[in-house]
Structure formats: structure tokens, C-alpha cells
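> The structure is given below, and queries will be raised subsequently.
The values are calculated or read from the model by the stated rules, or taken from the named source; none is laboratory data. The structure presented is a predicted model; accordingly, all values stated were derived computationally and were not measured. Virtual Cβ from ideal backbone geometry, glycine too; neighbours counted across all protein chains shown. Ligands, DNA and RNA are excluded from the accessible area calculation, which covers all protein heavy atoms including side chains. Shrake-Rupley method; radii C 1.70, N 1.55, O 1.52, S 1.80 Å.
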Amino acid sequence: MTLTVALAGDTMLGRGVAEELRRSPTPGTLFSPEVRQALASADLVVLNLECCVSGRGERWPDPDKPFFFRAPPSAAAVLAELGVDCVTLANNHALDYGFEALVDSCDLLEQAGVRAVGAGRDVSAARDFAVLEACGVRLAVVGVTDHPREYAAGAGRPGVAWADLWTGVPDWLTVLVARAAREADAVLVTPHWGPNMTPGPPSHVRAAAPRLLAAGATLVAGHSAHVFHGVAGRVLYDLGDFIDDYAVDPVLRNDLGLLFLVTLDRLDGPDGADLAPVRLEALPLALEFCRTRVARGEEWEWIRERFATACAEFGTEVGERDGRLTVDWS
């Protein structure tokens, strides 16, 4: 039995997007019908929520931090209506408005029926994984971030699942992924890693990915750069942005992105039927101010060229089918 998972990158629902949500708290405010239809076609939807969700809190006291993102409480219900099954909060904006706002985020998402990983009331909750079920398949989702250290959860301290991936993959993370692999049919590890606005994955990210696969990850899908990177085997190095109100880099074009749909199927292996990714389809996106639609014309061509080039660096061939870019793992 097959399972298709939609993977969206950095989803920022604060600032200008928050204002749009306050005026009209519906998925149609943020995403075009074609994008919503693509999400609905998947069995599960997972994304990186690049903000807290709360009506409370004060800005994190860091004079060098330039951006603070907070979505209104209604955002949790909007995500649920959009069909989102799970978000990772393991990123550098989960604590932008302090501990109260992070706890609110977890509570509001839970009330809306959206699972959250990568952050929690203490280090144990932050490092826990979620198990999603669809089509008779159990998918474990692990969220982790390599920045900032100041946001790390502790004993009795809310925060994120922080791992110093710059110096290697810590034992607690490989043990966690291995446990998730024992308790589920497949494991998605979704790390928030590396700096912003890089054309490709930095060296520490490239080093960490195979360690996560060796620990038991079925698929690794990262984010943080705000632009999509290439695919190397079962690693999607960066999913890019999904929605925001950001300024646009004229070279890296963070206003042009991809929604990834990965299909997993059971393959005959030495230990029986193993669940593995067999096909990737990527829907080209255009990110307008606080709204995302399907890319057209020259936008689509730019995305195709950049994605093909980024994948070629890893020996991955990119095809095309029905307006989508494809990678065939089978």
C-alpha cells in the first residue's frame, strides 16, 4: 500500500501574513485553489512552522535578533483546515515571544488536531517524535534544529530540540531516530539546519544527512535556507519557503519555491517488505506577498532550471510530468 506525504518548507504566518489571517482566517486567504488541491491530494501533510502561535508573550530579549514572528491563535485552525497533519516547531522562531507563546503554540495546535514535534514544555517533550497514521502506514516524524542554542529546551524549561549538528550528530538524536524506526513503518526526519540564503547545503549538513539515514531515517527533509536545494538519494536538503512576507533576493529568488509530494511504497528487501520512497513530485510555486500560488511561464522555467541544476550536483536526474518536476527513486 502506498503513502503520499506532502512536504512544505518554511511557513511563516507572522507579521503581514498574521494581519491577513486576522482579517480572514481561512486557507483561501493564503493559498490558491491549486495549491490547496495539491495538499488535499496527499495522504499526510507536514511542514515547518516558522513562528509561534499565540496572542501572548514578549519578544525574546536578544538585541541582535532582527526578526520576531508570531501568528494569531486562529492560525492553528487554519492549518488544520488546510489539511496539515504535523508541524515541526524546531526552528529559530519558536521562542520569539517567550515561553508562554511556545506553550500556547503546542496547546492551540493540539486543540486543532495538528501534531507538533521539535519543541515542547521540557527537553523530553521537545525531543519526542509523533506517529502519524494513514493508508495503513505508521509514519514517525522527528523534528530538530541546529540553531539557536539559546532556544534549547531543558529540564522543566520549554524550548526546541536543539542539536549541535555543526560538530556532528549527537547520540541522543541517533538513538531517537532508531527508536522511531522500531515503532513505525517509516521515519521522516525534518531538520532546521544551516544558515539562511545559501544556494546549496553547507558541509555540516551534508555530513549529518547520511548519519540520520544510517540511524534509521527513511527520508530526510530539511529547511532553513529559504530557498530549495537539491535532492541526493533519500535526502531533500532544503524545502525552501512555503508562505511569507519576506524581501526577495534577486539572485536566489526566495519568492519561487516548490511543494514536494513524496510517495512511499513497500519494496521487497532481505527482511521482507520495506517501506521506501519511490517517487517525488514537486509543484513549482510563486510566493507573492502573504499568498502562495502555482508558478507559471517564466517562473516555472526558472524553478525547473534551478532545481535540475541543484539536483545534478548530486547525480540526481529531474524529469517533468503534468506541470510538476519529478525524481524517480524506483
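> Sorted by accessible area with a 1.4 angstrom probe, largest first, how do 151, 246 fall?
246, 151
> Over the Cα atoms of segment 129-227, how large are the radius of gyration and the largest Cα-Cα distance (Dmax), in Å?
My reading of the Cα-based Rg and Dmax gives 13.7, 39 Å.
> Counting pairwise Cα distances across segment 96-184, what percent come out greater than 16 angstrom?
In whole percent, the share of Cα-Cα pairs in segment 96-184 beyond 16 Å is 56.
> When ligands, DNA and RNA are left out and all protein chains stay put, how many square angstrom of accessible area per residue does the chain have with a 1.4 Å probe?
Counting only protein heavy atoms, the per-residue value for the chain is 39 Å².
> Order 267, 21, most accessible first, counting only protein heavy atoms with a 1.4 angstrom probe.
Numbers: 267 75, 21 0 Å².
Order by accessible area, largest first: 267, 21.
> Out of 136, 230, 154, any idea which swings most in a Gaussian network model of the chain, alpha carbons joined below 10 Å?
Of the options given, 136 has the highest mean-square fluctuation.
> In the Gaussian network model of the chain, springs joining C-alpha atoms below 10 Å, which of 62, 249, 274 carries the largest mean-square fluctuation?
Fluctuation is largest for 62.
> Where does the charge balance sit around residue 313 when Lys and Arg score +1, Asp and Glu -1, over other residues with C-beta under 14 Å from its C-beta?
Net local charge, residue 313 excluded: -1.
> Another question, if that's okay. In whole percent, how big is the carbon plus sulfur part of the accessible area of the chain, probe 1.4 Å, protein atoms only? Don't skip to the end; give the middle numbers.
On the way: 6370 of 12930 Å².
C and S atoms contribute 49 percent here.
> If you don't mind, there's one more thing I want to ask. Given springs between every Cα pair under 10 Å in a Gaussian network model of the chain, which of 73, 61, 170 has the largest fluctuation?
Largest GNM mean-square fluctuation: 61.
> Taking every Cα atom in segment 176-269, find the radius of gyration and the maximum pairwise distance Dmax, and write them in Å.
Reported Rg and Dmax, both Å: 14.5, 47.
> Return the tail of the calculated pair distribution for the chain, meaning the percent of Cα-Cα pairs more than 30 Å apart. Don't skip to the end; give the middle numbers.
Working: 14599 of 54285 pairs.
Above the 30 Å cut-off, the chain has 27 percent of its Cα pairs.
> Let me ask something else about it. Please report the relative contact order for the chain, taking Cα pairs under 8 Å with a sequence separation of at least 6, and give it as a percent rounded to a whole number.
Working: 855 pairs, mean separation 55.8, N = 330.
About 17 percent, as a whole number.
> Could you please report the charge total around residue 294, scoring K, R as +1 and D, E as -1 over all other residues with beta-carbon less than 11 angstrom from its beta-carbon?
That works out to +2.
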